[in-house]
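Take a look at the structure below.
Where a number appears in this text, it was derived from the coordinates with a stated rule and is not lab data. No experiment lies behind these values; they were computed from the predicted model shown. Cβ atoms come from the backbone with ideal geometry, glycine included; neighbour counts cover every protein chain shown.
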Amino acid sequence: MPDPGGPLLLAVPSAVEGRAILRRCPPGAEILRCGVGPSAAGRLAARLARGSAAGVLAVGTAGGLDPDLAPGALLLPAELRLAGGERLRLP
């Protein structure tokens with residue numbers, strides 16, 4: 001369950017991606033270098049299970065989502081799904 005008083009958790013797969021967002025990171029946000037692959041997903045899930053984050057934003061280059069994507073491709077979501085199931089359409 002999200003904690004409204006907790007920090008925004010920014011999950012990044014690599015140190016390079018973490019450094020890229022560090023300068024623009026909102027005050028009080030927590031950057032978590034989660035890594036790539038199943039064991040990394042397990043570590044991220046364990047951190048999220050503590051329930052101390054107000055929200056989670058995955059930040060990365062998403063190169064593993066589609067084999068047709070080139071390294072460095074930028075993907076932007078059409079919508080976000082909030083904890084309560086609400087859909088937030090993005091411009």
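Can you list the strands (runs of 3 or more DSSP E) found entirely within region 11-91 that contain at least 3 residues being without any contact (Cβ under 8 Å) to a residue 12 or more places away in the chain? Can you show your working first?
Details: elements: 30-33, 55-58, 79-81, 87-89.
Result: 79-81, 87-89.
Which of the residues belonging to region 17-43 are in contact with a strand residue (DSSP E or B) (Cβ under 8 Å, 6 or more places away or on another chain), farther than 22 Å from L74 by Cα and surrounded by 13 or more Cβ atoms within 10 Å (Cβ to Cβ)?
Hits for region 17-43 are A29, E30.
Here are some conditions: (1) over 12 Å from the mean Cα position of the chain (by Cα); (2) over 18 Å from L82 (Cβ atoms). P7 meets all but one. Which one does it not meet?
(2)
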